[in-house]
1. Looking at (1) β-branched (Val, Ile, Thr); (2) in a loop (DSSP other than H, G, I, E, B); (3) at pLDDT 90 or above, which one does Thr2 not meet, given that it meets all the others?
2. Looking only at the stretch 28-37, which residues are outside any loop (DSSP other than H, G, I, E, B) and under 18 Å from Leu89 (Cα atoms)?
3. Of all residues in the stretch 46-71 being β-branched (Val, Ile, Thr) and within 27 Å of Gly24 (Cα to Cα), which is nearest to the chain's Cα centre (by Cα)?
4. Scanning the stretch 38-78 for residues that are small (Gly, Ala, Ser), exposed (fewer than 13 other Cβ atoms within 10 Å of the Cβ) and part of a loop (DSSP other than H, G, I, E, B), which turns out modelled with the lowest pLDDT?
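The values are calculated or read from the model by the stated rules, or taken from the named source; none is laboratory data. Remember, it's a predicted structure, so these values are computed and weren't measured experimentally. Glycine gets a Cβ as well: all are built from the backbone with ideal geometry, and neighbour counts include every protein chain shown.
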Amino acid sequence: MTVLLDPTAERNPTIRPRLARPVGLAGKVVGLLDISKARGDVFLDRLDARLTERGIAVKRYMKPTMTRPAPLPLRQQIGTEVDLLIEGLAD
């Protein structure tokens, strides 16, 4: 089993099993989350274009700041609107 560490609670990490990867992306909605770091949007723009070329539905989201976790309403919105999420990091 893979152990993932939650960066918001490093002293008491939550152990969660990984979700199964989808067999394919056909019929799925992919969310792209921009965490508001410089040039992260460049990567996500390119990924958006590549997914869209393949007929995959894409929804875009942006955190208000990179220094804090996404606000709860944004996380809830993403959870109800997409099947999987890609978070665009920079650096």
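1. (3)
2. Val30, Gly31, Leu32, Leu33, Asp34
3. Per the criteria, the residue is Val58.
4. Residues of the stretch 38-78 small (Gly, Ala, Ser): 38, 40, 49, 55, 57, 70.
If we keep only those that are exposed (fewer than 13 other Cβ atoms within 10 Å of the Cβ) too, we end up with 38, 49, 55.
Within this subset, residues satisfying the condition of being part of a loop (DSSP other than H, G, I, E, B) are 38, 55.
Numbers: Ala38: 83, Gly55: 95.
Filtering first and then ranking leaves Ala38.
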